[in-house]
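The values are calculated or read from the model by the stated rules, or taken from the named source; none is laboratory data. All values reported here derive from a predicted model rather than from experimental measurement. Reconstructed Cβ throughout: ideal geometry from the backbone, glycine too, with neighbour counts over all protein chains shown. Calculation scope for accessible area: heavy atoms of the full protein, side chains included, ligands and nucleic acids excluded. Shrake-Rupley method; radii C 1.70, N 1.55, O 1.52, S 1.80 Å.
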Amino acid sequence: MITKSIKNLLIACSLCCGAAAVLTACNDEDIPDNYYSSTKLTAGAFIEADADQFSEFQRILTRGNYIGMLKTYGTYTLFAPTNDAVRSWLQANGYASVEELPMAQCDTIARNHIVRTKALFTTDFSISSAPMNMNDTYIELSVDSDATNNNALIVYVNKHSKIIEKDDSVTNGVVHVVDHLLSATNQFLPGLIEEDPNLTIFYQALKLTGMADSLNRYIDMTYSCSDDSVSKGIRVSYGTANGGGSKTPPAYFPERRYFKYTAFVETDSIYRANGINNIADLTAYAKQVYDESYPQDAGLYDDDPTNRKNPLNRFVSYHLINRIGLYEDWIIQGPIMERCFDRTMADPEDYYETMCPGTTMRFCCPTTGLWINRKGLARNVQVRGVRVLTREESGSRNQQARNGIYHYIDGILTYSKQVRDVVFNRRIRVDFTTLSPDFMNVEGGTRGHHIDETEFLTAFKRGYVTDWKFSPETFIGVSNEQTSWWHYQGQGVAVLGLFDVSVKLPPVPSSTYEIRLGYTVGPERGVAQVYLNNVPCGIPVDLRVGCEGYEADTEDDDENLAIDKAMRNLGFMKAPDSYRPGGGNTMRENGIIRRILATEYLDENQEYWLRFRQVLDDPDCYISLDYLELCPKSVYASPEGEDRH
């Protein structure tokens, strides 16, 4: 028997197999007459009403067929360049007037200045709400102070376009006036890196290894989705551990599927400071590092930089991740970080597989900055790692390509023996929302861009989620973040129906690990048989109840250790005490728990898949996949014992 909600879901999923969505310019003939009858101006009328300031931009919007769209109903954020800004850009690019611009160029410029479906005032721009323009690139704001005006705050868009008049409210959104055209590029990531004069050595290595060719995908042309699923969404029913009951939030399938990338790159000056002055020096440096990390391969692949086991190839590909991430995207930010993490116990962290086979990066966010492969807490830092430079520190160059972004780092990034054996000799806590690049490459992103907005799901089609496999009866949707949820990092992957879903584990250094599932219990969550590479991990996990041997923490540390040991003997652990939604200690309750699934030797050169299969014949059950832990034996069996953080 299929419930009404699941029926609707399956129908919507089938609709997604319809005609491909085609990206076309809006046409005035397709737009109805001005929807508004009030005397208040629309965004388009706002531009037309001030020819002294916007006549040049109006001509661009008119030639690109967007002025009509901006005069109708809808919701828009418009960045409007002044006449001086347009004329300066025309002169710099060899055009005498707007009329000399190709129509396609007018279309690109117009789309680059419009955010559709959102009215974003400057107070709305934050680390949790970086929007995309109609060219599917992020709009980034950065700030500076005006030393000539009592250090007044200056706001820049995409690094070099200053907002000179902000927050002009119009009937269909908001307009911000800028003094330069917003930077835009049709370059893919390798081309943008090539254009940066600070990255000549890294680009030579990128080209020589052939990794530049791996960064040239953009839109998956085999993907399609119906307009109804994109624009109107579907309703899905699932319960909530917060007091029981059922919710029916909307779920939206993305209109397009993207391939995007991020590179973390050293400038030539960083190389020179480390005695690396050319590509030969970098090749020698890479050989020194990776021959030590992989002694079994030393000297075998030196003559072929395109071989994935070549030291230079490993060096370059370890700098690359197959998803796009702004500076703030790599660690959950905003109110969730501020309210939920106890940073005296543990740094907020996340892990991402790199394009170097068998390797992962650790990102953490101590009290200052974003760091890669750092180990230690506060002043007790064992391995410094490298720091990612902020957009303000990175200068005025546009670092966002059509299909990705690059970030400067302040040191040389490698997967050295120290990184593998020291940095990754730790309990590795992995949020399920990080386990596919599609969760971040989707328009608007699913992590860190919708914190505490009205609850909704971003739905994903079967066959179009990298590193996930699921049955036709399975629905997958990533929830937006809620600071009040018990979920680690405030969100999870909702898996509905008679589900059968498998997810690939990130690679970890070869060792014996406890594999643990962190989850919240609820009467509607069902019972799941878990498999590792299709071998059952003990008896099914009953997601409806906690641990029968659970006892609350006491004031006596020795008694608490005894309670924890008794729970471990039953295959359970309390949730970490370093994450506290709403500032409380709810993560130590029996409804929020860790289950030890298996103790296995994991080989960094092999793939491992965790499979979750619903064993109850009830299509209304679901599982909310929250987080995994991969804990090496050196930690869980250490003489001093594993901490609770």
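Scanning the stretch 246-300 for residues being among the charged types (D, E, K, R), within 23 Å of Leu413 (Cβ to Cβ), out of contact with any Lys or Arg (no Cβ under 7 Å at 6 or more places or on another chain) and open to solvent by 30 Å² or more (accessible area, probe 1.4 Å) gives a total of 4. I'm trying to understand the selection: among the residues of the stretch 339-367, which are open to solvent by 40 Å² or more (accessible area, probe 1.4 Å), outside any loop (DSSP other than H, G, I, E, B) and under 16 Å from Arg420 (Cβ atoms)? Glu353, the sole residue that qualifies. Can you name the residue in the stretch 608-629 that is of a type in the set (Phe, Trp, Tyr) and out of contact with any Leu (no Cβ under 6 Å at 6 or more places or on another chain) and, of all such residues, is most open to solvent (accessible area, probe 1.4 Å)? Ranking the candidates gives Trp609 first. Of the set (1) among the aromatic types (Phe, Trp, Tyr); (2) within 28 Å of Pro509 (Cα to Cα); (3) in contact with an Asp or Glu (Cβ under 8 Å, 6 or more places away or on another chain), all apply to Trp371 but (3). The criterion of at least 2 residues that are within 28 Å of Asp347 (Cβ to Cβ), in contact (Cβ under 8 Å) with a residue 60 or more places away in the chain and within 27 Å of the chain's Cα centre (by Cα) is met, among strands (runs of 3 or more DSSP E) falling completely within the stretch 541-645, by 592-602, 622-625, 627-632. Filtered by the rule that a residue be part of a loop (DSSP other than H, G, I, E, B) and not small (Gly, Ala, Ser), the stretch 518-540 gives Val521, Pro523, Glu524, Arg525, Asn533, Asn534, Cys537, Ile539, Pro540.
Of the strands (runs of 3 or more DSSP E) lying entirely inside the stretch 435-485, those containing at least 1 residues that are surrounded by fewer than 17 Cβ atoms within 10 Å (Cβ to Cβ) and not acidic (Asp, Glu) span 468-470. When Ile515 is tested against (1) hydrophobic (A, V, I, L, M, F, W, C); (2) open to solvent by less than 20 Å² (accessible area, probe 1.4 Å); (3) not in a strand (DSSP E or B), exactly one condition is not met: (3).
Within the stretch 484-502, residues that are on the phi > 0 side of the Ramachandran plot and touching a residue at least 40 places away in the same chain (Cβ under 8 Å) sit with their Cβ atoms under 7 Å from residues that are buried (at least 23 other Cβ atoms within 10 Å of the Cβ) and part of a strand (DSSP E or B), at 6+ positions apart or across chains, in these pairs: Gln489/Asp431; Gly497/Phe475.
Considering only residues in the stretch 308-322 that are open to solvent by 10 Å² or more (accessible area, probe 1.4 Å) and part of a loop (DSSP other than H, G, I, E, B), the one that is farthest from Ser214 (Cα to Cα) turns out to be Lys309. Scanning the stretch 600-613 for residues that are at pLDDT 85 or above, closer than 30 Å to Val478 by Cβ, touching a strand residue (DSSP E or B) at 6+ places or on another chain (Cβ under 7 Å) and among the hydroxyl-bearing types (Ser, Thr, Tyr) turns up at least one hit.
When the residues of the stretch 536-568 are filtered to those that are hydrophobic (A, V, I, L, M, F, W, C) and under 23 Å from Val501 (Cβ atoms), the one that is most open to solvent (accessible area, probe 1.4 Å) is Ile539. In the stretch 97-116, is there at least one residue being surrounded by fewer than 23 Cβ atoms within 10 Å (Cβ to Cβ), in contact with an Asp or Glu (Cβ under 8 Å, 6 or more places away or on another chain) and assigned to a loop (DSSP other than H, G, I, E, B)? Checked against the condition, which is being surrounded by fewer than 23 Cβ atoms within 10 Å (Cβ to Cβ), in contact with an Asp or Glu (Cβ under 8 Å, 6 or more places away or on another chain) and assigned to a loop (DSSP other than H, G, I, E, B), the stretch 97-116 yields no hits at all.
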